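Have a look at this one.
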Amino acid sequence: MSDTIAAVATPPAKSAIGIIRISGDNAFEITKKVFSGDISEPRKMVTGKILSETGEVCDYGMGVFFKAPASFTGEDSAELYCHGSTAVLRTVLSALFHAGARPAVAGEFTRRAFLNGKMDLTQAEAVIDLIDSETELAAKNAAEQMNGRLGSEISAISSSLTSIAAEFYAFVDYPDDEIEQTERDELATRLYACADSAKALAGTYSSGRIFREGIRVALIGRPNVGKSSLLNALLGTERSIVTDIEGTTRDTVEESLRAGNVALHLIDTAGLRNADTEPERLGIARSEAAARDADIVVAVFDGSAPLDEYDMQTLALAKNSRSLCIINKNDLGTVIDRSVFGDLPIIEISAKLNVGTKAVIDKICEIFNVADIPCDGRTLTNPRHASTLIRAEERIRAAADAFSGGIYADLAVSDIEDAINILGEITGNSAQDTIINEIFSRFCVGK
Ligand code: GDP
């Protein structure tokens, strides 16, 4: 028995259509009380009057019924398509509550879908990723995961582990038979292959994080080299104040832009220079912190003047990070010696004239191989999946080492079982309630 829940599934704003979802054992009867159309034929959209709790017509719309288990939640469900007025939707919802439904909590529809075996946890999490996705590639990757692509990658590793464990148990059934070292080596080889698959999958997270969060770019350099000008040129706006008095950009300024399929978050930091005043000192600390937190440091230099000691501090920060060096003001001619940059990638630009700035974005995308990130659902975008896979990989490798090292094989098998359980945390086969609760709490009401 499941109680019947109802919620608005569309955003709470004026819109052409507003959709209400109803799911649970009494979905049909409850919907019938509020909607005059004949929804008895499942999956057939019909028109009808939509009624308030007092039975007055409050809208004319469409309704559809889904018979369990052929519905999103796996339960009897219905959807009402009303006009997207928040007042109408409130009225219809209260009519549904009056008829016996209760308000759904965040993520409850998807949670029911998961609990009814309609999807595994990776698919449920992909629903959130799909809703949150801001670029086409991120959406495509999430859609593939929602379709079960990631779950099947994990299941493939799990079932290899299960069959290795089963083969081992077959040996144990005949205790007189010693497991030959060649057989142990063979099992170990297969286990190492599983560990490598888990590791490779976990490794996709560094690209997947870019899908999800974009690339954080810290612009660093001493005052007046043209960081704010570069930021403005990249954004095509005047967000950061450009001035020729040193040290104006004391605070950091953060702006985002879309570069093809990724978001670039540009952080303009205060100039790196001697901390003679408190705000400047804080600015420098921020500069260093931004460089530390960023995915890439864009170190800006004024190419028309010789490098000074502060430029050398910038260069040192750049050399310690993934970075790109910008020789700015090339409209004034370049006097600096490029050899000081060593192997660091360099681009010459004029931020003021907006010449070469597009190359900066292209180079950043090239450094992160943005064009080559696969979006077929095998790119992990969820840190939980990545860290769980790494835990599983450790156990699998321990089992493989035990087999190949001739250690008592029972220990190896308990490592394999641990690994299977850990992988189950990703798909939901063995996830604890706390993990499941945490995941569904991130959903919106109505999803
Ligand atoms: P920041 O302190 O590093 O943020 O530097 P700003 O962007 O505020 O620029 C400092 C000064 O340099 C301003 O007067 C800018 O107009 C000037 N400037 C910035 N980029 C260029 C450039 O490419 N060429 C020339 N000639 N001047 C520039």
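Could you please find all residues in the stretch 219-255 being away from the ligand (no atom under 12 Å from the Cβ) and either at pLDDT 85 or above or under 13 Å from Val300 (Cα atoms) (or both)?
Within the stretch 219-255, Leu235 is the sole residue that qualifies.
Leu80 fails exactly one of the following numbered conditions: (1) in contact with a Gly (Cβ under 9 Å, 6 or more places away or on another chain); (2) open to solvent by 10 Å² or more (accessible area, probe 1.4 Å). What is the number of that condition?
Of everything listed in (1) in contact with a Gly (Cβ under 9 Å, 6 or more places away or on another chain); (2) open to solvent by 10 Å² or more (accessible area, probe 1.4 Å), Leu80 misses just condition (2).
Residue under question is Ile361, and the condition is that it be over 30 Å from Gly151 (Cα atoms), surrounded by 14 or more Cβ atoms within 10 Å (Cβ to Cβ) and more than 27 Å from the chain's Cα centre (by Cα); does it hold?
no
Every residue in the stretch 411-430 that is open to solvent by 50 Å² or more (accessible area, probe 1.4 Å) and touching a residue at least 40 places away in the same chain (Cβ under 8 Å), please.
Glu417, Asn429
With the condition kept exactly as written, say whether any residue in the stretch 117-138 is closer than 30 Å to Gly48 by Cβ and not hydrophobic (A, V, I, L, M, F, W, C). Before you say what the answer is, go through the steps one by one.
Initially, the stretch 117-138 is screened for residues closer than 30 Å to Gly48 by Cβ, giving 118, 127, 131.
Next cut, not hydrophobic (A, V, I, L, M, F, W, C) only: 118.
Within the stretch 117-138 (the criterion being closer than 30 Å to Gly48 by Cβ and not hydrophobic (A, V, I, L, M, F, W, C)), the answer is yes, since at least one residue qualifies.
So which of Thr388, Thr379, Thr434 is outside any strand (DSSP E or B) and in contact with an Asp or Glu (Cβ under 6 Å, 6 or more places away or on another chain)? Even if it seems obvious, please write down each step before you answer.
Numbers: Thr379 fails: in contact with an Asp or Glu (Cβ under 6 Å, 6 or more places away or on another chain); Thr434 fails: in contact with an Asp or Glu (Cβ under 6 Å, 6 or more places away or on another chain).
None of the other options fit; the residue is Thr388.
While we're on this one: Failed condition for Thr277, given (1) open to solvent by 10 Å² or more (accessible area, probe 1.4 Å); (2) at pLDDT 75 or above; (3) of a type in the set (S, T, N, Q), with all others met?
(2)
May I pose another question? Within the stretch 338-347, does at least one residue satisfy the condition of being assigned to a loop (DSSP other than H, G, I, E, B) and in contact (Cβ under 8 Å) with a residue 60 or more places away in the chain? Spell out the reasoning first.
Here is the first cut: in the stretch 338-347, the ones assigned to a loop (DSSP other than H, G, I, E, B) are 342-345.
So of that shortlist, the ones also in contact (Cβ under 8 Å) with a residue 60 or more places away in the chain come out as none.
No, because not a single residue in the stretch 338-347 is assigned to a loop (DSSP other than H, G, I, E, B) and in contact (Cβ under 8 Å) with a residue 60 or more places away in the chain.
One line per residue, one yes/no per condition, for (1) within 15 Å of the ligand (Cβ to nearest atom); (2) open to solvent by less than 60 Å² (accessible area, probe 1.4 Å):
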{"position": "Val300", "(1), (2)": "yes, yes"}
{"position": "Ser304", "(1), (2)": "yes, yes"}
{"position": "Asp308", "(1), (2)": "yes, yes"}
{"position": "Gln313", "(1), (2)": "yes, no"}
{"position": "Asn320", "(1), (2)": "no, no"}
{"position": "Cys325", "(1), (2)": "yes, yes"}
{"position": "Val335", "(1), (2)": "yes, no"}
{"position": "Ser339", "(1), (2)": "no, no"}
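Taking helices (runs of 4 or more DSSP H) that do not extend beyond the stretch 84-202, which have at least 3 residues that are out of contact with any His (no Cβ under 8 Å at 6 or more places or on another chain) and more than 30 Å from Asn261 (Cβ to Cβ)?
Output list reads 86-98, 108-115, 149-172.
Please go through the stretch 364-376 and pick out each residue that is without any contact (Cβ under 8 Å) to a residue 12 or more places away in the chain and either crowded, with 19+ Cβ neighbours inside 10 Å or part of a strand (DSSP E or B) (or both).
none
Across the stretch 298-333, what is the total count of residues that are part of a helix (DSSP H, G or I) and basic (Lys, Arg)? Walk me through how you get there before you give the answer.
So in the stretch 298-333, the residues part of a helix (DSSP H, G or I) come out as 309-319, 330-332.
Now restrict to residues that are basic (Lys, Arg): 319.
Within the stretch 298-333, residues that are part of a helix (DSSP H, G or I) and basic (Lys, Arg) number 1.
In the stretch 391-410, how many are modelled with pLDDT of 85 or more and either aliphatic (A, V, I, L, M) or not in a helix (DSSP H, G or I) (or both)? Steps first, answer last, please.
Keep residues of the stretch 391-410 that are modelled with pLDDT of 85 or more, which gives 391-402.
Right, trim to either aliphatic (A, V, I, L, M) or not in a helix (DSSP H, G or I) (or both) and you get 392, 396, 398-400, 402.
Counting residues in the stretch 391-410 that are modelled with pLDDT of 85 or more and either aliphatic (A, V, I, L, M) or not in a helix (DSSP H, G or I) (or both) gives 6.
Within the stretch 24-39, is there a residue that is open to solvent by 50 Å² or more (accessible area, probe 1.4 Å), of a type in the set (Lys, Arg) and over 21 Å from Lys447 (Cβ atoms)?
The answer is yes; a qualifying residue exists.
Now for a different question. Taking the stated definitions as given, is Ala106 farther than 20 Å from Asn147 by Cα and at pLDDT below 95?
Values: farther than 20 Å from Asn147 by Cα: yes; at pLDDT below 95: yes.
Spelling it out, Ala106 is indeed farther than 20 Å from Asn147 by Cα and at pLDDT below 95.
Quick one: count up the residues across the stretch 58-76 that are assigned to a strand (DSSP E or B), surrounded by 24 or more Cβ atoms within 10 Å (Cβ to Cβ) and touching a Gly at 6+ places or on another chain (Cβ under 8 Å). Let's see the steps before the verdict.
At the first step, the residues of the stretch 58-76 found to be assigned to a strand (DSSP E or B) are 58-66.
Keeping just the survivors that are surrounded by 24 or more Cβ atoms within 10 Å (Cβ to Cβ) gives 63, 65.
Adding the requirement that they be touching a Gly at 6+ places or on another chain (Cβ under 8 Å) leaves 63.
Total meeting the criteria: 1.
The values are calculated or read from the model by the stated rules, or taken from the named source; none is laboratory data. It should be emphasised that the depicted structure is a prediction, and the values quoted were computed from it without experimental measurement. For neighbour counting, all protein chains shown are included, and Cβ atoms are generated from backbone atoms with ideal geometry for every residue, glycine included. Note: accessible area is taken over every heavy atom of the protein model, side chains too, but ligands, DNA and RNA are not part of it. Shrake-Rupley method; radii C 1.70, N 1.55, O 1.52, S 1.80 Å.
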